Amino acid sequence: MNDSGLLLEKSYQIPFALFKSSFTAFQKKFVYPKTYLTMGLLAVIIGIYAYFVANGADSQRPMYCMIILVCAVLIGFQWYNPRKIRRNLMLAVKEIEQDNYRIRIYPEYLEIGTVLPPEDTSAENSQTDNLFDDTPEDNFSGTRIYYNKNLHITEYPDFFMIYQTKTMFYVLPKSAFSEEELEIMRVHFSQRLDKTFQQNI
């Protein structure tokens, strides 16, 4: 890999509590607004048919009550599903809490990914490495993310959230970086992204 222009490289882990708070922030930004809008519309429908139940013909009341019940159930699903998704994801994250990650920041793009465990080597290869005093490079599996109008980065008090779509995001714990490194990131993101870099601190 050509390291020309590399601005910053850092390895880090994501504590469970931090991932939970970052995913909650992600849901508040992209999931809850739509959820609350849907719940509000269903509540309006319930109100309309509740009026019909109180003032309409007796023959129509069972149907109106059924519509109210269906809307109430849908409201319950809308409220419960984001919490269920978060709970299931947190159970999965528990299994990978100790994984190591790495970010590389270049002038034109970011590389973010997982540092995979080293592969087993034979005794012969090990002796060769010792002979030439070579240290094998980490097995790094990264995703390259170019700066464009679809890339958004938001700084929160404890982390940076990086996302291009409303279904996937990356989180960088600020505790893993020095103040100087954090300032490098702020200045660079601000210059490259302008309005799509936001600070929510």
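The values are calculated or read from the model by the stated rules, or taken from the named source; none is laboratory data. Just so it is clear, the model here is predicted, and its values are computed rather than measured. Cβ: placed from backbone, ideal geometry, glycine included. Neighbour counts: every protein chain shown. For the accessible areas, the whole protein counts, side chains as well, though only heavy atoms, and no ligand, DNA or RNA atoms are used. Shrake-Rupley method; radii C 1.70, N 1.55, O 1.52, S 1.80 Å.
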Once exposed loop trypsin sites (Lys or Arg not before Pro) are cut out (DSSP; at most 14 other Cβ, 10 Å), longest piece of the chain: 1-148
Largest-first ordering by accessible area, 1.4 Å probe, given options 152, 188: 152, 188
Would you mind telling me which residue in 59, 22, 175 has the biggest mean-square fluctuation in a Gaussian network model of the chain, where springs connect alpha carbons within a distance under 10 angstrom? 59
Are there GluC sites (Glu not before Pro) in the range 50-115 that DSSP marks as loop and that have at most 14 other Cβ atoms within 10 Å, and which are they? 95, 97, 108
Contact order normalised by residue count of the chain, Cα under 8 Å, 6+ apart, percent: 24
Hey, which lysines would be in cross-link range of residue 29, C-alpha to C-alpha under 23 Å, not counting anything within fewer than 8 residues on its own chain? 20, 84, 149, 166, 174, 195
At a probe size of 1.4 Å, how large is the accessible area of residue 37, to the nearest 10 Å²? 110
Could you work out [θ]222 nm for the chain from helices alone, using -39500 (n - 2.57) per DSSP H run of at least four and dividing by all its residues? Round to the nearest 500 deg cm²/dmol. -16500 deg cm²/dmol
Quick check: pseudo-label points 7 Å beyond the Cα along Cα→Cβ at residue 20 and residue 72, how many nm apart are they? 3.2
Using amide H atoms built in the peptide plane, which far-off residues or other-chain residues are under 5 Å from residue 156 H to H? 161, 200
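Would the range 1-57 count as rounded, prolate or oblate if I go by the C-alpha gyration tensor, calling it rounded below 1.5 in a/c and otherwise prolate when a/b exceeds b/c, oblate otherwise?
Prolate, because a/c is 1.5 or more and a/b exceeds b/c.
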[x] 1.25; [y] 1.51; [z] 1.18: which one is Cα Rg over 2.2 N^0.38 Å as calculated from this entry? [y]
Table column - 3J(HN,Hα) (Hz), the range 172-182, Karplus curve with 6.51, -1.76, 1.60, x for Gly and Pro: 10, x, 5, 5, 7, 10, 6, 4, 5, 5, 4
What angle, in degrees between 0 and 90 and rounded to the nearest 10, separates the Cα long axis of helix 32-55 from the longest principal axis of the Cα atoms of the chain? 10
From phi via Karplus (6.51, -1.76, 1.60), per-residue ³J(HN,Hα) for the range 66-72 in Hz, x at Gly/Pro: 5, 4, 4, 5, 4, 5, 5
